[in-house]
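Accompanying notes for the structure given below.
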Amino acid sequence: MRKLLFNSLFHRPLTGRAPSPDEAALQEMAGSLEQSARARLGRSLAIRMVDAGSCNGCELEIHALGNAFYDIERFGIHFVASPRHADVLLVTGPVTKNMCVALTRTHAAMPEPKWVVALGDCARDGGCFAGSYAVAGAVSDVLPVDIHIAGCPPRPLDILQGLLSLLAPV
Ligand code: SF4
């Protein structure tokens, strides 16, 4: 233990430098998303997130949206606890058999208009969990999916881009 502490004084930690954040792109994307939400809904955007069986990698990127750097609440984009307050159902992971009923009930409890976003490669086709005895299928096998955000996991800016394309006028 003493040797470990001694070494840590003279060696840098084995971690890489964090990528430099693109504040301008974030400002532009989140600002556009806020405007689109107000145009389509007349108010800010409320998101209910459901982990249907992910490895939690996608959740880490979603959580990053709320950290001090991305801070998407400042653009009027909120994660809500109740599906009755939500416009978007954000689903991660393959849909496990244990989560299938909870997911469909959450969707049924949301008011119209509502959108379903499948986030991550597992949500699209089961990803590395496809074929497991515990998996019911992809999100689109259980719910009508409006948009899929690709990646394993997708970056926070990819998530914002996906939400923006969801609300963009057709
Ligand atoms: S897409 Fe990748 S990060 Fe997301 S739940 Fe699947 S394995 Fe994990």
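Running a GNM on the chain with Cα contacts under 10 Å, which residue among R84, R43, R12 ends up with the highest mean-square fluctuation?
R12
Between S165 and I147, what length in nm is gained on full extension when 0.36 nm per residue of separation is reduced by their alpha carbon distance?
Extra length from S165 to I147 when fully extended: 5.6 nm.
Write down the percent of antiparallel bridges among all DSSP beta bridges whose residues are both part of the chain, to the nearest 5.
Numbers: 2 of 18 bridges.
Given both bridge residues lie in the chain, the antiparallel proportion sits at roughly 10 percent.
Scanning the chain for chymotrypsin sites (Phe, Trp or Tyr not before Pro) in DSSP loops with at most 12 other Cβ atoms within 10 Å, what's the longest stretch left with none?
On the way: sites that count: F69, Y133.
After excluding every exposed loop site, the longest remaining stretch is 1-68.
Report the charge-dipole magnitude of segment 1-101 in Debye, nearest 20, computed about the Cα centre from +1 at each Lys and Arg Cβ and -1 at each Asp and Glu Cβ.
Its charge dipole is roughly 400 debye.
With 10 Å bins from zero, work out the P(r) of segment 78-155 over every alpha carbon pair and list the percent per bin.
Answer for segment 78-155: a P(r) of 21, 51, 26, 2 percent.
Using every alpha carbon pair in segment 1-130, what percent of pairs falls into each 10 Å bin from 0 up to the bin containing the largest distance?
All Cα pairs considered, the percentages come to 11, 32, 29, 15, 9, 4, 0.
Which of the listed residues, L157, P144, L33, is farthest toward the dipole's positive end in the chain, when Lys, Arg count +1 and Asp, Glu count -1 at the beta-carbon?
L157
Provide the per residue accessible area, probe 1.4 Å, for segment 110-170, rounded to a whole number of square angstrom.
Values: 2930 Å² over 61 residues.
Accessible area per residue: 48 Å².
Treating only the Cβ of Lys, Arg, Asp and Glu as charged (+1, +1, -1, -1), what charge dipole size does the chain show about its Cα centre? Round to the nearest 20 debye.
Charge dipole of the chain: 520 debye, to the nearest 20.
Any chance you could give the angle, 0 to 90 degrees and rounded to 10, that helix 100-109 forms with the longest Cα principal axis of the chain?
Its long axis makes an angle of about 60 degrees.
Post the alpha-carbon centroid distance, segment 41-61 to segment 148-165, in whole angstrom.
The two parts, judged by their Cα centres, are 11 Å apart.
Between N98, A24, A86, whose Cα lies farthest towards the positive end of the dipole of the chain when Lys and Arg beta carbons carry +1 and Asp and Glu beta carbons carry -1, centred on the Cα centre?
N98
The values are calculated or read from the model by the stated rules, or taken from the named source; none is laboratory data. Since this is a predicted model, take the numbers as computed values, not measurements. Positions of Cβ are generated from backbone atoms using ideal geometry, with glycine treated the same way; all protein chains shown enter the neighbour counts. Protein only, heavy atoms only, side chains kept; ligands, DNA and RNA dropped before computing areas. Shrake-Rupley method; radii C 1.70, N 1.55, O 1.52, S 1.80 Å.
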